Amino acid sequence: MNNQQRNELCHCGSGKKYKNCCMRKDEAQAQLSRQQFDVRRVIGPNTTPYAFWKRWSAACGRNEFGLVYDMLLPNGALSERFKSAEDFFVNINEIGLPYESRWNLDKIKLTETTCKYLCHRTDSDDKNADVIVSMMSLVRTEQGYRVENIQREVCKPGADFMLSFEIFGEKSAEADYLKKLKTGWTRPDLTDASSRYVAPAET
């Protein structure tokens with residue numbers, strides 16, 4: 001077990017302080033060696049999108065980043081950035097993983113083969129603070145859902161701000177509908193009864 005202190009010279013001989021050299025790598029190796037869960041027992045073909053979010057959140061909350069790494073889609077955009085679970089752990093702050101304790105899951109968008117989560121958080125109680133919005137893209141595999149990519153945007157709150165998949169260039173029927181409402185459009189089936197078509201009485 002490595003008991004080296006943060007401000008000591010690193011054991012690798014680089015001449016740097018341990019905290020600026022191998023500390024994160026050693027922490028990653030120690031953390032990953034304690035992983036107890038096989039992803040195939042946590043996520044299966046019948047795991048629903050919401051259950052996946054809960055299990056992803058639980059693993060992130062427990063710092064089980066080896067398990068989180070195994071939830072990534074092999075050869076997906078995110079796994080391609082980090083070629084090993086150790087590399088993923090060391091650079092975890094670069095990603096800003098969305099999960100339950102810090103993020104609100106706002107919307108889920110499903111197709112037969114994909115799932116997308118739209119979630120957000122704010123960094124303060126200030127109503128004018130920036131809103132950090134994330135979209136997690138999942139792909140359905142034979143083993144169950146796997147995370148293909150995580151995208152993040154920092155948005156300015158305001159009268160026109162809307163939590164929508166359109167933030168990430170995704171078509172959103174909900175956003176289209178709300179935009180129509182702002183222009184004064186009303187659904188035909190919700191108009192005043194007096195303006196509705198009434199069939200003439202039979203003679």
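The values are calculated or read from the model by the stated rules, or taken from the named source; none is laboratory data. Owing to the predicted nature of the structure, the values given are computational and were not obtained by experimental measurement. Ideal geometry is used to build each Cβ from the backbone, glycine not excepted, and the neighbour counts take in all protein chains shown. Note: accessible area is taken over every heavy atom of the protein model, side chains too, but ligands, DNA and RNA are not part of it. Shrake-Rupley method; radii C 1.70, N 1.55, O 1.52, S 1.80 Å.
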Next on the checklist: Using Cα-Cα distances under 8 Å and only pairs 6 or more residues apart, what relative contact order does the chain have, in percent?
Outcome noted: 15 percent
Item to check | Debye, to nearest 20: dipole size of the stretch 37-144, +1 on Lys, Arg Cβ, -1 on Asp, Glu Cβ | outcome: 360 debye
Checklist entry - Rounded to the nearest 20 Debye, what is the dipole magnitude of the chain about its Cα centre when Lys and Arg each give +1 and Asp and Glu each give -1 at the C-beta? => result 480 debye
Next on the checklist: Can you tell me how the stretch 58-150 classifies by the Cα gyration tensor, rounded, prolate or oblate, using a/c under 1.5 as the rounded cut?
Outcome noted: oblate
Next on the checklist: Going by amide H atoms built from the backbone, whose H comes under 5 Å of the H on Asp106, apart from near neighbours?
Outcome noted: Leu118, Cys119, His120
Checklist entry - Put a dot 7 Å past each Cα toward the Cβ at Val131 and Lys156; how far apart are the dots in nm? => result 1.5 nm
Checklist outcome for this item: Per the 1/(1 + (r/R0)^6) rule, R0 = 30 Å and r from the Cβ atoms of Leu9 and Ser84, FRET efficiency to 0.05 is 0.70
Item to check | Value at 222 nm in deg cm²/dmol, rounded to 500, when DSSP H runs of n ≥ 4 in the chain each add -39,500 (n - 2.57) | outcome: -7500 deg cm²/dmol
Next on the checklist: Can you give me the distance in nm between label points at Arg62 and Thr113, each placed 7 Å from the Cα along the Cα-to-Cβ direction?
Outcome noted: 3.3 nm
Checklist entry - Under a 5 Å amide H to amide H cut-off, with H placed in plane at 1.01 Å, what residues pair with Phe37 once short-range neighbours are removed? => result none
Next on the checklist: Along the charge dipole of the chain, pointing to its positive end and built from +1/-1 on Cβ of Lys, Arg, Asp and Glu, which listed residue (Ala175, Pro98, Met162) has its Cα farthest out?
Outcome noted: Pro98
Next on the checklist: Leaving ligands and nucleic acids out of the surface, order Arg41, Arg121 by accessible area at 1.4 Å, largest first.
Outcome noted: Arg41, Arg121
Item to check | Amide hydrogen neighbours beyond the local backbone of Gly144, cut-off 5 Å, H modeled | outcome: none
Checklist outcome for this item: Most fluctuating of Leu67, Leu110, Leu97 in the GNM of the chain (C-alpha, under 10 Å) is Leu110
Next on the checklist: Please list 3J(HN,Hα) in residue order for the stretch 121-132, calculated via the Karplus relation 6.51 cos²θ - 1.76 cosθ + 1.60 where θ = phi - 60°; whole Hz, with x for glycine and proline.
Outcome noted: 8, 10, 8, 7, 7, 5, 5, 9, 6, 4, 10, 8
Next on the checklist: Using the Cα centre of the chain as origin and beta-carbon charges of +1 (Lys, Arg) and -1 (Asp, Glu), tell me which of Tyr50, Cys22, Gly66 is placed farthest towards the positive end of the dipole.
Outcome noted: Cys22
